Structure formats: structure tokens, C-alpha cells
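Taking it in order: structure first as C-alpha cells, then the write-up.
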Amino acid sequence: MRKNLWLALVVASASAMAQVAEEKKSVEVTIQTLFTAMKKGDSALLRTAFASEVTMATIAQAKDGSLVIKRETGISNFMKAIGTPHPEPYNEPIWNLKIEVDGRFAQAWCDYAFYLGNKFSHCGVDAFHLFKGSDGIWRIFHLVDTRKKEGCNVPDSIAKQFR
């Protein structure tokens, strides 16, 4: 009897872990869709990664050293920036991606470096909040990033792609 109970618990635990891993992978797909859209300059693809209502914020340091928090209630400006033709692609490789999921809510955190074409611009952290809609698709409803130009520890495997 104990052996059967133990086996049932092991099977149930393995199944739950597989389901969480699958959800985390789906969240990652949504996040990568955002970065693919940025690189391609594809605002229609970009739109698919986001909810209909979105808040965004950027935390950075001004030239005088003061803290600046820029907030937006929507992605229309972001979509316009991505979809307007520009000579260099927007490359934003990420690493150290951490994803947590609770039912239909997920949060993700990662380091990033931003390159205009092959030219380094800045680095920081991206923090995402996502929800899983009734269609089963994860969408970003809140995105915050930090930005800095110094103290970036971009992994060599990423930096060498842009040399």
C-alpha cells in the first residue's frame, strides 16, 4: 500500500513539474517574440506579444545623476518606434532568464544588452508580468526595464556576436 502511494506521489509530482516547465517555455516564447519583432522591425508581430492594456516603465540615471522613471500607459509609441524603418536592427539579447508561474500569472526577469546593429547602446534588466488568456496564449501586460551604459557584464558569447 505504501509503495503504491509513494509511486502515485512521484508520478503526480513529475506530471506537475512537467506542466510548470511547459508553461515556463510558453512564457519564454512570448518574450522571444517581442525581441524577434524588435530585430525585424515588425510592429504587427510585436503586438501579438502584448495584452490589449499595457503599462511600461524605464528606470535610468540622468546625466546629472538623478533617477529618472519614464512611464507609459500603452505600447503605441513603442510599436511606432519598432515599426518605423530604421537603418540598423534593434538587437536585444537576453540571459539569466528566470520565470515563475502561478496559474495564469507569470513574471520573468532577465539581463539584457541592447545593440543598434552591432553597436552597443546600453544594458540592464527587463522585468515582465504576463497573463495567460482564455486562448491559452501568454501576453505581456507590464514591462519595466533598467538602463545603464557602464558596468555591463555582457557574456562573451553574446558580445562576440556584435563585434
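The values are calculated or read from the model by the stated rules, or taken from the named source; none is laboratory data. These figures come from a predicted structure and were not determined experimentally. All Cβ positions, even for glycine, are placed from backbone atoms using ideal geometry, and neighbour counts span all protein chains on display. Heavy atoms of the whole protein, side chains included, go into the accessibility calculation; ligands, DNA and RNA do not. Shrake-Rupley method; radii C 1.70, N 1.55, O 1.52, S 1.80 Å.
Determine, from the Cβ-Cβ distance of Thr58 and Glu22 and an R0 of 25 Å, the FRET efficiency 1/(1 + (r/R0)^6), rounded to the nearest 0.05.
Efficiency for this residue pair is about 0.20.
Counting only pairs 8 or more places apart or on different chains, how many lysine pairs in the chain have C-alpha atoms closer than 12 Å?
Close lysine pairs found across the chain: 6.
Packing-wise, with mean Cβ within 10 Å as the measure, how do 90-102, 57-69, 25-37 rank, highest first?
25-37, 90-102, 57-69
Kindly express, to the nearest 10 degrees and within the range 0 to 90, the angle between helix 2-40's C-alpha long axis and the longest C-alpha principal axis of the chain.
That works out to roughly 20 degrees.
What does the accessible area per residue of the chain come to in Å², with a 1.4 Å probe and no ligands, DNA or RNA counted?
64
Quick check: the distance between the Cα centres of region 40-77 and region 92-163, to the nearest angstrom?
What the calculation gives is 13 Å, centre to centre.
For the chain, can you list the cysteines whose C-beta has no other cysteine C-beta under 4.7 Å from it?
Cys110
Extension gain Lys160-Val68, at 0.36 nm per residue separation less the Cα-Cα distance, in nm?
Result: 30.0 nm gained on full extension.
What is the magnitude of the charge dipole of region 57-163 about its Cα centre, with +1 placed on the Cβ of each Lys and Arg, -1 on the Cβ of each Asp and Glu, and no other charges, expressed in debye to the nearest 20?
Computed about the Cα centre, the dipole is about 200 debye.
If I ignore ligands, DNA and RNA and count only protein heavy atoms, how much of Cys123 is accessible to a 1.4 Å probe, in Å² to the nearest 10?
10
Residue by residue through region 61-72, which ³J(HN,Hα) values in whole Hz follow from phi under the Karplus form 6.51 cos²θ - 1.76 cosθ + 1.60 (θ = phi - 60°), with glycine and proline marked x?
10, 6, 4, 7, x, 6, 7, 10, 10, 9, 10, 9
Calculated FRET efficiency, Trp109 and His86, Cβ-Cβ r, R0 25 Å, to nearest 0.05?
So the FRET efficiency works out to roughly 0.35.
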